[in-house]
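All remarks here apply to the structure that follows.
The values are calculated or read from the model by the stated rules, or taken from the named source; none is laboratory data. The structure displayed is predicted, hence computed values, not measured ones. Every residue, glycine as well, gets a Cβ built from its backbone with ideal geometry; the counts of neighbours run over all protein chains shown. To get the accessible areas, we keep the full protein, side chains included, count just its heavy atoms, and leave off ligands, DNA and RNA. Shrake-Rupley method; radii C 1.70, N 1.55, O 1.52, S 1.80 Å.
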Amino acid sequence: MRLLIMGAPGAGKGTQATAIAEHYRVPAISTGDMFRTNIKNGTELGKKVKAIMDAGDLVPDELTDAIVVDRLNEDDAASGFLLDGYPRNMHQVEALDAYLKEHGQQLDAVISLDVDPELLTQRLLKRAEIEGRTDDNEETIRNRMKVYSSQTEPLLEHYRSAGILAPVDGVGEIDEVRQRIFATLDSKN
């Protein structure tokens, strides 16, 4: 199964991605995790990404595309994957579509976690307090919400028109949301 999970920052994508990937026996591929690992390890990529993320901006498309394609070419992703945090804009959609077409593949579904933006802001501020994340201060969070709205939300319409959008209410207990996701995906197959 080839899946995307989408939603504004703090919607629960990362929380849900691992369980979804395990359930459907595919790797969860998170661009955010790949970036944070590079930051933690102090790589050249990590230094570039840290400056970008600390400003609340998104990593440039070409860099993100190359990292994702590299990961999708690994053996464990041959029969499916769950992408978390990619694509974020139409350029990335086109890059992913081109990759999939070149490999004779297509997406099965795009999970969209729907959560009110004010609730998300509060979630992210709490996460920042608990995890000490420098990329989660209120100004940065609000900037990321604007960036998400302007660049990423149009993708939902693209996937809706393609007939593969799977909207899911992202408010509630983790297991409750997860069961909604499984029910939605199972009804599409």
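Within segment 113-173, all pairs of alpha-carbon atoms sorted by distance into 5 Å bins from zero give the percentages 4, 16, 21, 21, 19, 11, 6, 2. The charge dipole of the chain, taken about the Cα centre with unit charges on the Cβ atoms of Lys, Arg (+1) and Asp, Glu (-1), comes to about 120 debye, rounded to the nearest 20.
Comparing P117, P154, P60 in a Gaussian network model of the chain where C-alpha atoms under 10 Å apart are linked, the largest mean-square fluctuation is found at P60. Under 19 Å from a label point set 7 Å out along the Cα-to-Cβ vector of A78, the amide N atoms of segment 1-20 belong to 1-3. The calculated FRET efficiency for E176 paired with I130, based on their beta-carbon distance and R0 = 25 Å, is about 0.75.
Toward the positive end of the charge dipole of segment 2-187, about the Cα centre and with charges on Cβ (Lys, Arg +1; Asp, Glu -1), which of L107, N143, V68 goes farthest? My answer, from the dipole projection, is N143.
Projecting label points 7 angstrom from Cα along Cα→Cβ for D114 and D169 puts them 1.0 nm apart.
Only Cα pairs within less than 10 Å get springs; with that Gaussian network setup on the chain, which residue of A11, A77, A98 has the largest fluctuation? Maximum among the listed residues: A98.
For the chain, the share of DSSP beta bridges that are antiparallel, to the nearest 5, is 0%.
Among the GluC sites (Glu not before Pro) within segment 94-182, those in coil by DSSP and having at most 11 neighbouring Cβ atoms inside 10 Å are E173. Counting only DSSP H runs of at least 4 residues, each contributing -39500 (n - 2.57), and dividing by the residue count of the chain, the helix-based mean residue ellipticity at 222 nm comes to -17500 deg cm²/dmol. In a GNM of the chain with a 10 Å cut-off on Cα contacts, which of L125, L72, L63 has the highest mean-square fluctuation? Maximum among the listed residues: L63. Between the alpha-carbon centres of segment 101-169 and segment 8-56 there is a gap of 13 Å.
Cα extents for the chain along the principal axes, largest to smallest and rounded to whole angstrom: 40, 37, 28. What do you get for trypsin sites (Lys or Arg not before Pro) in segment 59-153 restricted to DSSP loop and a cutoff of at most 14 other Cβ within 10 Å of the site's Cβ? Of the trypsin sites (Lys or Arg not before Pro), the ones in loops of segment 59-153 whose Cβ has at most 14 other Cβ atoms within 10 Å are R133.
Per residue, the accessible area of the chain comes to 51 Å², computed with a 1.4 Å probe over protein heavy atoms only.
Loop-resident chymotrypsin sites (Phe, Trp or Tyr not before Pro) (DSSP state other than H, G, I, E or B) in segment 1-90 with no more than 11 further Cβ atoms inside 10 Å of their Cβ are absent. Within the accessible surface of segment 47-166, defined with a 1.4 Å probe on protein heavy atoms only, the carbon and sulfur portion equals 50 percent.
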